């Protein structure tokens, strides 16, 4: 009998000949990511557990992004505790203002195809875009990994999502994952892995795959995996011969198979305040907006900024439009390509790469009765300000087109 | 008997404890804001030994361990739901907060009503009916029995 991608990764990692869904196994962790919000808690628990040293200083990545730049004096405490932890235990990889953790982990090569990676953030599923099994955990569990290098997991069942054909011009990876969330619902993939395949997925950039793996956790998924290809190898800097074992076998056992024809997909939005409250954009067209947000670890990559710049070229935004590139590297590439100039000329507010607005911390939070169309991953109550802010989630194209109109429009 | 605080489907971790409070210095400082957007009086009313009962997918969303931690700090004896989101479930067991899967209780008890949870027997009783709860895998039950992951690691190390 064949195996799914995640079963193969776990087998390679543990040396077990065969694993099957439901098995509880201990894996050797290839890399961990901790961000600034949770580092004080991780540091606390690590000391409470009585560990004297990290299991491997090279395998720990600390990223400051949620609080960069700081918006309140208390934020500084997190950096002080983080810096002290780095100094005391010799953490090798620290990023203090380079971008959002989920972008940096694959961009800087910390999470590679076939690896097993954990992070103190639910959107750690993102690294599945390169065929890495990555998942979010809490700070107590992270502290235990820091001391032992090990983590127990239950081998998950896999849901296969097959998408074939060519997406319509105004439909993007964001529309694909939103549609999928609407169909699976917010708990449809809980404890399970997703495996994406088909010609539509094969034709996607790594950046587009990232948008999908980033949001897979909104259906409860433990991981969301793509088969690595030439594009992945160029992005991750690994030879194809190292990753050619990472694919789902034709006779692998899937607990469910969803099949889509790309031509049938449409631009959609997640309406307030659940990620699985999916509607065609035209159903909510005309909804007045106070703000548009294009960016985040979901949709702050170069291709997203390109789409926004092309739509906004020579136009003027009719409401606040905030742009947040996912990393400094992307920021610089977007300057080089002229996108940032176009966006600034259109009246956009361009921010430092970081998590501020998406986590409701800084950089454009809203108040009661206001409405925002955003490209990030969550529209929960209170996510971007008060619990009476209406948050719609959509693609960068839907967002940019709507910013010009000051209301939701079909891109 | 324990008092029941009842919540619906897909209660996310932002609703349990909102992001802006995660910057407070510790769980004690955060716990007063538990369920602020859903039930502003919860944190001041809930008593030691009370139960949180929810429908499907309780604790979805972020990985914040503060979500189960504030519930535990407020004295919540257990969360009993039809189903839980993955990270919340693991986090709860790691900090020693019992998370109980029971499909029947939700429809058998009202918000503000009473229920009796017997952790040892794995049963919950409400309105004269007794329901059995889904058993945890042995590995997780051992962590929970030890009082959480830290206590469990310390026990292993002895």
Q. Taking interchain pairs and intrachain pairs at least six residues apart, which have beta carbon atoms under 6 angstrom, with the first residue in the stretch A:333-362 and farther than 17 Å from residue A:404 by Cβ and the second modelled with pLDDT under 95 and outside any loop (DSSP other than H, G, I, E, B)?
A. A:359/B:19; A:360/B:19
Q | Among (1) within 14 Å of chain B (Cβ to nearest Cβ); (2) in a loop (DSSP other than H, G, I, E, B); (3) under 23 Å from the mean Cα position of the chain (by Cα), the one test that residue A:51 misses | A | (3)
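Conditions (1) under 24 Å from residue A:226 (Cβ atoms); (2) modelled with pLDDT of 95 or more, marked per residue:
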site	(1), (2)
A:13	yes, yes
A:16	yes, no
A:30	yes, yes
A:39	no, yes
A:58	no, yes
A:68	no, yes
A:83	no, yes
A:92	no, yes
**Q.** Pick from the stretch A:190-201, criterion in contact with a helix residue (DSSP H, G or I) (Cβ under 8 Å, 6 or more places away or on another chain) and in a strand (DSSP E or B), ranking: surrounded by the fewest Cβ atoms within 10 Å (Cβ to Cβ)
**A.** A:195
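Yes/no per residue for (1) more than 14 Å from chain B (Cβ to nearest Cβ); (2) modelled with pLDDT under 95; (3) farther than 24 Å from residue A:247 by Cβ:
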{"site": "A:96", "(1), (2), (3)": "yes, no, yes"}
{"site": "A:104", "(1), (2), (3)": "yes, no, yes"}
{"site": "A:114", "(1), (2), (3)": "yes, no, no"}
{"site": "A:126", "(1), (2), (3)": "no, no, no"}
{"site": "A:137", "(1), (2), (3)": "no, no, yes"}
{"site": "A:141", "(1), (2), (3)": "no, no, yes"}
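Going residue by residue through the stretch A:173-181, is there one that turns out to be part of a helix (DSSP H, G or I), more than 30 Å from residue A:53 (Cα to Cα) and more than 17 Å from the chain's Cα centre (by Cα)?
no
Evaluate the following for residue B:100: is it in contact (Cβ under 8 Å) with a residue 24 or more places away in the chain and more than 12 Å from chain A (Cβ to nearest Cβ)?
Working: in contact (Cβ under 8 Å) with a residue 24 or more places away in the chain: yes; more than 12 Å from chain A (Cβ to nearest Cβ): yes.
Judged against the criteria, residue B:100 is a match.
Based on what the data block shows, is residue B:72 more than 8 Å from every other protein chain (Cβ to nearest Cβ), in contact with a helix residue (DSSP H, G or I) (Cβ under 8 Å, 6 or more places away or on another chain), in contact (Cβ under 8 Å) with a residue 60 or more places away in the chain and on the phi < 0 side of the Ramachandran plot?
Values: more than 8 Å from every other protein chain (Cβ to nearest Cβ): yes; in contact with a helix residue (DSSP H, G or I) (Cβ under 8 Å, 6 or more places away or on another chain): yes; in contact (Cβ under 8 Å) with a residue 60 or more places away in the chain: no; on the phi < 0 side of the Ramachandran plot: yes.
No.
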Q) Does residue A:179 meet the test of being more than 15 Å from residue A:223 (Cα to Cα), in contact (Cβ under 8 Å) with a residue 12 or more places away in the chain, surrounded by fewer than 24 Cβ atoms within 10 Å (Cβ to Cβ) and within 14 Å of chain B (Cβ to nearest Cβ)? A) no
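Find the residue count for the stretch A:127-142, including only residues that are under 15 Å from residue A:104 (Cα atoms) and in contact with a strand residue (DSSP E or B) (Cβ under 7 Å, 6 or more places away or on another chain). Talk me through it step by step, then tell me what you get.
At the first step, the residues of the stretch A:127-142 found to be under 15 Å from residue A:104 (Cα atoms) are A:127-130, A:132, A:134.
Going one step further and asking which of them are in contact with a strand residue (DSSP E or B) (Cβ under 7 Å, 6 or more places away or on another chain), we end up with A:127-129, A:132, A:134.
So the count comes out to 5.
Looking only at residues in the stretch B:76-97 that are more than 18 Å from residue B:55 (Cβ to Cβ) and more than 8 Å from every other protein chain (Cβ to nearest Cβ), which one is surrounded by the most Cβ atoms within 10 Å (Cβ to Cβ)? Before the answer, list the steps.
Of the stretch B:76-97, the ones more than 18 Å from residue B:55 (Cβ to Cβ) are B:77, B:87, B:90-91, B:93-97.
Still in the list and also more than 8 Å from every other protein chain (Cβ to nearest Cβ): B:77, B:93, B:96-97.
Numbers: B:77: 19, B:93: 25, B:96: 20, B:97: 22.
My answer is B:93.
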Q.
Condition first: surrounded by fewer than 21 Cβ atoms within 10 Å (Cβ to Cβ), touching a strand residue (DSSP E or B) at 6+ places or on another chain (Cβ under 6 Å) and assigned to a loop (DSSP other than H, G, I, E, B). Can you find one or more residues in the stretch B:21-43 that meet it?
A. no
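Quick one: which residue in A:151, A:204 is outside any helix (DSSP H, G or I) and away from chain B (no Cβ under 14 Å)? Step through it out loud before you land on a result.
Values: A:151 fails: away from chain B (no Cβ under 14 Å).
A:204 is the lone residue from the list that is outside any helix (DSSP H, G or I) and away from chain B (no Cβ under 14 Å).
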Q. Checking residue A:380 against (1) in contact with a helix residue (DSSP H, G or I) (Cβ under 8 Å, 6 or more places away or on another chain); (2) within 14 Å of another protein chain (Cβ to nearest Cβ); (3) surrounded by fewer than 17 Cβ atoms within 10 Å (Cβ to Cβ), which single condition isn't satisfied?
A. (3)
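Could you tell me whether the stretch A:393-402 includes any residue that is closer than 21 Å to residue B:15 by Cβ, outside the structural domain of residue A:75 (by TED's automatic domain parsing), outside any loop (DSSP other than H, G, I, E, B) and in contact with a strand residue (DSSP E or B) (Cβ under 6 Å, 6 or more places away or on another chain)?
Our first condition is that a residue be closer than 21 Å to residue B:15 by Cβ; within the stretch A:393-402, this holds for A:393.
In the following step, the residues that additionally are outside the structural domain of residue A:75 (by TED's automatic domain parsing) were identified as A:393.
From what is left, the residues that are outside any loop (DSSP other than H, G, I, E, B) are A:393.
Retained after the next criterion (residues that are in contact with a strand residue (DSSP E or B) (Cβ under 6 Å, 6 or more places away or on another chain)): A:393.
Yes.
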**Q.** Verdict on residue A:17 being touching a helix residue (DSSP H, G or I) at 6+ places or on another chain (Cβ under 9 Å) and surrounded by fewer than 18 Cβ atoms within 10 Å (Cβ to Cβ)
**A.** yes
Q: Within the stretch A:60-77, count every residue that is in contact with a helix residue (DSSP H, G or I) (Cβ under 9 Å, 6 or more places away or on another chain) and surrounded by fewer than 22 Cβ atoms within 10 Å (Cβ to Cβ).
A: 6
Q. Among the residues of the stretch B:1-20, which ones are in a loop (DSSP other than H, G, I, E, B), buried (at least 17 other Cβ atoms within 10 Å of the Cβ) and at pLDDT 95 or above?
A. B:9, B:10, B:11, B:17
Q | Close pairs (7 angstrom Cβ cut-off, 6 or more residues apart or separate chains): within 11 Å of chain A (Cβ to nearest Cβ) in the stretch B:133-158, surrounded by fewer than 14 Cβ atoms within 10 Å (Cβ to Cβ) and part of a helix (DSSP H, G or I) anywhere | A | B:150/A:48
(Q) Within the stretch A:376-387, does at least one residue satisfy the condition of being under 19 Å from residue A:312 (Cβ atoms) and touching a residue at least 24 places away in the same chain (Cβ under 8 Å)? (A) yes
Q: Residue by residue through the stretch A:50-59, note down the ones that are in contact (Cβ under 8 Å) with a residue 24 or more places away in the chain and in contact with a helix residue (DSSP H, G or I) (Cβ under 8 Å, 6 or more places away or on another chain).
A: A:51, A:53, A:54, A:55, A:57
Q) Taking the stretch A:349-363 only, how many residues are surrounded by fewer than 24 Cβ atoms within 10 Å (Cβ to Cβ), assigned to a loop (DSSP other than H, G, I, E, B) and modelled with pLDDT of 95 or more? A) 2
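The values are calculated or read from the model by the stated rules, or taken from the named source; none is laboratory data. Computed from a predicted structure; not experimentally measured. Virtual Cβ from ideal backbone geometry, glycine too; neighbours counted across all protein chains shown.
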